Each structure stands twice: as structure tokens, then as C-alpha cells.
Amino acid sequence: MEDMSDLKSATADAAAAADAVDAADAAVMINDDDLLDFSANPIVQKLNALTIPHVTYPHTLSMTADELVANVPLPSDNTESHTKNLFFKDKKHGLFLVTTCTDADLDTKELGKALKLDGKVNLRLADEELLLEKLACKKGCVGPLSMMNNADKDITLVLDENLMKMNKIHSHPMRNDASTALTPTDLLQFLKEVGVTPTMLSFSKKSSSSSDQPLPGKVPSSRPTGDKSSTKPTFPPKAKDAPKSANMNKKQTKKGETQLALKWKKSENFAMWYTDVIVLSEMISYYDISGCYILRPWSYKIWELIQDWFNIQIRKLGVENSYFPMFVSKDRLEKEKDHVEGFAPEVAWVTKSGDGDLAAPIAVRPTSETIMYPAFADWIRSHRDLPLKLNQWSNVVRWEFKDPTPFLRTREFLWQEGHTAHASFEDANVMVRQALDLYRRVYEELLAVPVIPGYKTEKEKFAGGHTTTTVEAYIPISGRAIQGATSHHLGQNFGKMFDINYQDEKGETQVVWQTSWGLTTRTIGVMVMVHGDDTGLVLPPRVAPVQAVIIPIVSKTCPLENLTGYCEEILKSLEEKEIRCKLDDRSIYNPGWKYAHWEQKGVPIRIEVGPRDLETKSARMVVRFGGEKIDVSVDDLAEAVGKKLEEVQNNMFKKAKEFRDDHLVKVTEWKDFVPNLELHNLVLTPWCGGEHDTWEEWVKEKSREESLQSRGEDGEDARAATSVAAKTLCIPFSQPELAEGMKCIASGLPATCWVLWGRSY
Ligand code: 87F
């Protein structure tokens, strides 16, 4: 059997710390901050206690088996299956939980016969109340593992034999934003351990699944098309958009029901919304090692666009790209004690190759100071070798224990790290500020996210350096700040440790002055959180992998061939203006599906091309940010799109900045501090200065205490990714005037500057 130990760790290590929770509560226990932690899940706890290998992973909330199939793709060779679960009540024969493959054809009459139920058979779906009472599950959350909760042992579990042919069976662990995958043998083992003997039945397969993609042909928009039969398909496709099939489950599409693509509103549950957006936009796929995620082409391209811009800028500053090894020996890593001290628990070590132990463990880089600087010492001899300015694009690993969040806090992430050596403090300082300004520009000019540049306080700065500068962003809805990127003046600390010396013009030996600076894929997460809406991603044009998508409005009366030439002409005109564009002429999807798809992926402009447009030599531009629709003559289209992209970029920044500015307040008395945090504000206060770092701790504790008090809570989970306590974000470079006699908000000592506080990620 394959080694499942890694796969298990995501749930097993967390499980150790968790208290048992009431099973009925667990089904509804989802809040902003515990999104990806299943340690308190009773099923996960039971599986772990029984040492049954399983993988429990989060996914987009899915109410039905069809939605699940659409949202959580499994291997295309049909070796793994989600389950369809129906909880029946029969007055005479009792309760049945029927668990089948998602493509099983379920006929209750046939089921009654197959179960050999005698006399009158009236299998009816049980209501949610009974589901909660008997299986501790809400609607849409039940699966065979929930049988564990059937304390009265009065439910017959009916299992589809076809599931037993699978390599893996995926079913909900009492919540339908997650699935637990295990082998059929392990499922049977689990059932045995919880005292359940399933009845096995063979269900025939439906001839065609309602989760197939919709057929093209229907025209979705309200625009005149000449085709009166037009209807608006939904995304993901609902059963009614799918090919007609005799076995289609009519219950899937309730009349009048609007099926939103995103299951969560941004304002309703920010964390769930975020997961929804990044998965449905095809940015992220989940992976079976906690804290590690797959960056799909849609997010990786954004990273590449940031890289392209950044490379051009650093080249102008004389910085060269290079690449250093990802492994570092223990001696080297620990050479500069201060810098690694607080971080030691996060360092990941390789200790084995195959079955044998390595002679000495080697660390995977969490950052590269200790990897690069011995080489710097070798290369730098004379003042003529300075400045040395290197950058590397790489991955780093920091084995965090706080709950992970894709892009924002991950155990492996991508970044650039710049490392420079200079002949003077001042030269290094210039470099620090130049790098920080590039970070400000990445956020503001590319991602349309306003940031506040400033110094970190002594308490928050990088311990190995002299000063840390930072750009701080604001996340709406959560009202939290997030560190965007940092640029450090390292002073001569590392220079002394690693003997990075040079001969100056006078022939005297000097120690270099150094800087280091880093920007990570966190940028992408911040951008998603700031701009995304209830429909999905909203991309600032400068980082949009596709800036404009052309969609031909095909219909019965207007086949694709009629529009292709015209669309290609438009495509060419946009390409000539260097607009990243795409013609979506796929025939398997209808226009409505495509509209929803590209909206969800955040493409800034959609260009709709229908038969009318062909006649009038025009096209319709639909703008993702704001929803504006403009008909433009084809001759002016490329220019109009270019202009609109620029306008959108500026307006997105403007909107984000206005919102951020509305949540940036000055507070001069402590009594107003926590109430402002509760209003999701960042708070600027007078401050007595960096050296009084015990007062910083005081604010943190006091704000935690008062916040918890105002919420009627006792304490916080140390592993939670976020805290209600405030911390200093930075001492902004741009300082408001400090009035004579102003006092520090915490110590009451004379204030020396304004400092920015906030709850943060
Ligand atoms: C984790 C484990 C070991 C952060 C760590 O900010 C060491 C470290 O040194 C560590 N986490 N840091 C600080 C990184 C400083 C610095 N490095 C270059 C940057 C930017 C790029």
C-alpha cells in the first residue's frame, strides 16, 4: 500500500491538540478563522483514533452530488468517486441511508425490491430535522462516515457495490465544504469499528450524467439576437443546461432557484468566499500536504507578470539575477544566531535519503542570507567589487504551525529575495528605500492595492538587521492589515559574522553594509481579497493574464462560422495594440457559460460579438469592474479597449484607496482604540518611540483583553491564523504633524512619532 503518513499528517498532527466537540455542533461550526482545520471534526478524530489512513481536504461548498462533481474534479479514469447520499424514511420499514456512486441511477421502487422490503413500500426522503437528530448532519453534509453518529443503530446503510471497485471513495465528514478520501477497505473497516454492517447493492449507472457540460446554442444575454428561444444558462451548469437525459434528476433544479457560482458572499463569510474565489477562478488547487497549494496557470501567470515588471526595474538599479542552492547546512544556518533564533521551529530539515540517515541533517532554505553570504565573502575583496547587488527568484519553506491560507500563509512559497553589499551605510540605505519603493509600486501600480510604507518598530523588525522597512496593505471586510513586503538594512551584522570585508581606497580593511528585501506570492492573495466580489475575481488589467476575451454569440440562427472571421479580425487588432486577449471559440460551451466563466476568472473586459454587431461593424465591451456595457465601432475597438483598461486600473486603485482611507483613523486616547479596531479601522496613535517595546506588548495584551471582553469570549486559540489583538504595523514615513505636548497612547510619555496599529494577518 502507498505510504499515507504524509497525507495523514494534515489532520493527525492537529488532532492531537483538539478537544472533542459535540457532533451536532460540528456540522455547522464553520467560521472565518477555522476554515482549514479539521482537527475538531469528530469523524477525523475517529479515523485518527482508529489509525485508518484518510485524507480530509477542504473544497468549495457543494450542496449536491452534481455540484460536487463540478467543483471537485477527480481523476478522469474513474478510479475514484464522490458519493451521492440519500436519507430515506419508510413508515413500515424504518430508516435507510443510501450511498452510491454519483452516476448511479436511483429508483426508489427498484430500491424497495432490491432490499426485499415486504408489503407496502413508501421510501420518502427524510427531513432535515431527522437528519440532524439521527446523523448529526445538516442537509447536503451527510455521507457514509456520518453513520458513526447513529447511536440508536436504527439506520440501514445501503452501499453501492460499484463504490467498492474504486481506489478511493470521497465523502463528506459531516460538512459539505470538505471531503474525506479513503479506500473501500478502509471505509468498511471504519464502519465495522463503529458497529455498522452495510447492505451491499449494485446500482446501474445513468446513461448520461447531469454534470456534463451544457451544449452550445442558446444565447444567454438580453441583447437582441434574432433567436427568440434564448434562455440564460447558469454556471456551474445546472441540470437544465445539460444534454437531456431520461435519467436526469429533476430535483437538482428547483424552479426559480438562482444558483450562484460562488457559494459564499464576500460579506457573509470572508474566508469561505476567498476559498471559493481562488478555486473557482482556477488559481489554486488544494494539495494533500497541509499548507502547500498548487498554483495553477491563472495565478502563476500573474506571478510572472509581476516578475517581468520587477526584473525590468531592478535591472535599472544594477541588480542581477542569480540562483543559489536550496539546502543549507546546520552550521551555516546557525552562524548568525540572532536571525534564526525566533524562526528555528519553522525550519524544515532533510534527514534521510531512501532508508538511510544523512551524515548530517540539512535544512531547506527559509531565506538565503546564510547561503549567499559565504559566497559574498569570497567574491568581495576590494571597494571595486562593490556594490554587489544580487536577486534570486526561488521557493522557500517555512514550516508554519498557524492555520495556513493559500497565498497569505503557506509552508512553501515563491518569492524574490534581493541581497546587496555596499561600501557605506548611506549607500545601503538608498538601496533599502529603492527596493521598498518598488514594492509600493508593485502593489499600487500593478495590483491596484494602496499601501503604507514605513519603518517596523524595534519589536517587529528583522532581528538580524539594523532597520526594517515595510509596505502595509489593508484588507477590507476583515478589516485587517497585512505586511506586503519588507526591505531590511542589515547594517554590518552579517558582514561581521560572515567576514565580508573589503579594502577601501586607502588600503584599509572594512566590513560591508548590507541589505536584503523580499516580495512573495502573498501579493496575489492580497489582490484577490481587496478586489474580488461576489461573482469572483476582479483583476487589475496590468496583472490580468487575459485582459480582454472575445466571445462570439452563436445561436441556432447564427453558427460560429458566420462570426469567426470577424472575431479573428478583432483579435488581431487587439494583439497589435499588445493587449493580452483571447478568442473563446470553444463549441462545447455556450456563450452564457463563457460569460460566467471569464467573469469568475476576473478578466477585465469581455467583448461580445453577435450577428447584429457583424451587420453594424461593431462589438460590445462589457467591463468586469463596474459592469459597464459599451457598444463600439470595430475600427475604434482596440483603442477603446486599451483606454478602458487604463481607466479600470486607475479606478480600481482609487476605489481601494478610498475604502482604505475611510478605515484609517487617528486616535489619541486609549478609550477609542479598541472600538476603532472593532470598526475594522487601522489606527494611528502618538507613540513614545521604538525603545519602549514593553508598551507595545502592553497594547497587544490590553487590546486582546478588551476585544474579547466586548465579544463575550474567554480566549483565543494560539494556532489561529489571526488574533483580535492589535500590533504595530509600521511607523509611516509620511507622518502627520505631532502637536506640542502630545502623549503616547500607551505609556503617557511624551510622543515622538505617530505609529500605525491594526489587527493583522
Ligand atoms: C524562518 C526560518 C528561518 C524569516 C525565517 O525578509 C529564518 C527566517 O530569517 C528568517 N523567516 N526570516 C527573515 C527573513 C529576512 C529577509 N530575507 C531576505 C527578508 C527578505 C528577503
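The values are calculated or read from the model by the stated rules, or taken from the named source; none is laboratory data. Source: prediction; values computed, not measured. With ideal geometry, Cβ positions are generated from the backbone for all residues, glycine too; neighbour counts draw on all protein chains shown. Each accessible area value is taken on the protein alone, full model and side chains, heavy atoms only, with ligands, DNA and RNA left out. Shrake-Rupley method; radii C 1.70, N 1.55, O 1.52, S 1.80 Å.
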Any chance K139 is open to solvent by 20 Å² or more (accessible area, probe 1.4 Å), touching a helix residue (DSSP H, G or I) at 6+ places or on another chain (Cβ under 6 Å) and in contact (Cβ under 8 Å) with a residue 12 or more places away in the chain: yes
message: I'm trying to understand the selection: among the residues of the stretch 153-169, which are touching a helix residue (DSSP H, G or I) at 6+ places or on another chain (Cβ under 9 Å) and open to solvent by 10 Å² or more (accessible area, probe 1.4 Å)?
response: D154, I155, M164, K165, M166, N167, K168
message: Given the condition surrounded by fewer than 21 Cβ atoms within 10 Å (Cβ to Cβ) and assigned to a strand (DSSP E or B), answer yes or no: does some residue in the stretch 370-382 qualify?
response: yes
task: From the list T469, T486, pick out the single residue that is closer than 20 Å to W757 by Cβ, within 12 Å of the ligand (Cβ to nearest atom) and in contact with a Pro (Cβ under 9 Å, 6 or more places away or on another chain).
output: T469
query: With V449, V442, V432 as the choices, which residue is in contact (Cβ under 8 Å) with a residue 12 or more places away in the chain and more than 16 Å from the ligand (Cβ to nearest atom)?
result: V449
field: helices (runs of 4 or more DSSP H) lying entirely in the stretch 559-627 (those with 1 or more residues that are more than 20 Å from S281 (Cβ to Cβ))
entry: 560-576, 611-616
Within the stretch 356-388, considering residues that are more than 20 Å from K496 (Cβ to Cβ) and either in contact with a His (Cβ under 8 Å, 6 or more places away or on another chain) or of a type in the set (A, V, I, L, M) (or both), the one nearest to the ligand (Cβ to nearest atom): A363
task: Give the residues of the stretch 679-701 that are at pLDDT 95 or above and part of a loop (DSSP other than H, G, I, E, B), sorted by residue number.
output: L679, H680, N681
task: Might you let me know whether the stretch 501-523 holds any residue that is part of a helix (DSSP H, G or I), open to solvent by 10 Å² or more (accessible area, probe 1.4 Å) and more than 19 Å from K594 (Cβ to Cβ)?
output: yes
query: List pairs: first in the stretch 478-507 and more than 20 Å from T420 (Cβ to Cβ), second open to solvent by less than 20 Å² (accessible area, probe 1.4 Å) and among the basic types (K, R), Cβ under 6 Å, 6+ apart or cross-chain?
result: R480/R759
Search result, residues across the stretch 413-428 that are within 15 Å of the ligand (Cβ to nearest atom) and either of a type in the set (G, A, S) or without any contact (Cβ under 8 Å) to a residue 40 or more places away in the chain (or both): G418, A421, A428
query: Considering the stretch 335-344 alone, what residues qualify as being within 10 Å of the ligand (Cβ to nearest atom) and either modelled with pLDDT of 90 or more or outside any helix (DSSP H, G or I) (or both)?
result: E336, G342, F343, A344
- prompt: Is it fair to say S478 is assigned to a loop (DSSP other than H, G, I, E, B), among the polar types (S, T, N, Q) and either more than 14 Å from the ligand (Cβ to nearest atom) or under 21 Å from I371 (Cα atoms) (or both)?
  reply: yes
statement: Flagged in the stretch 286-333 as more than 16 Å from Q392 (Cα to Cα), among the small types (G, A, S) and open to solvent by 30 Å² or more (accessible area, probe 1.4 Å), in numbering order, are S290, S329
- request: Considering every residue within the stretch 633-651, establish whether at least one is modelled with pLDDT of 95 or more, part of a strand (DSSP E or B) and over 25 Å from the mean Cα position of the chain (by Cα).
  value: yes
task: Go through (1) among the hydrophobic types (A, V, I, L, M, F, W, C); (2) open to solvent by 10 Å² or more (accessible area, probe 1.4 Å); (3) assigned to a loop (DSSP other than H, G, I, E, B) and name the single condition V538 misses.
output: (2)
message: Condition check: assigned to a helix (DSSP H, G or I), modelled with pLDDT under 95 and out of contact with any strand residue (DSSP E or B) (no Cβ under 7 Å at 6 or more places or on another chain). Does Q709 satisfy that?
response: yes
query: When you go through L574, L537 one by one, which is the residue that is within 21 Å of V279 (Cβ to Cβ), touching a residue at least 60 places away in the same chain (Cβ under 8 Å) and more than 16 Å from the ligand (Cβ to nearest atom)?
result: L537
message: Here are the criteria: (1) closer than 21 Å to G495 by Cα; (2) assigned to a strand (DSSP E or B). Tell me which single one L358 does not satisfy.
response: (1)
query: What are the residues in the stretch 435-459 that are buried (at least 20 other Cβ atoms within 10 Å of the Cβ) and part of a loop (DSSP other than H, G, I, E, B), if any?
result: L447, A448, V449, P450, K456, T457
- prompt: So which residues in the stretch 334-348 are open to solvent by 60 Å² or more (accessible area, probe 1.4 Å) and touching a residue at least 60 places away in the same chain (Cβ under 8 Å)?
  reply: K335, D338, E341, G342
- prompt: From the list T410, T351, which residue is free of Cβ contacts under 8 Å to residues at least 40 places away in the same chain, polar (S, T, N, Q) and more than 11 Å from the ligand (Cβ to nearest atom)?
  reply: T351
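Each row is one residue, and each column tells you yes or no for (1) open to solvent by less than 60 Å² (accessible area, probe 1.4 Å); (2) under 18 Å from A181 (Cα atoms); (3) at pLDDT 95 or above.
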position	(1), (2), (3)
E67	yes, yes, no
T83	yes, yes, yes
F88	yes, no, yes
D107	no, no, no
K116	no, no, no
R124	no, no, no
L145	yes, yes, yes
A151	no, no, no
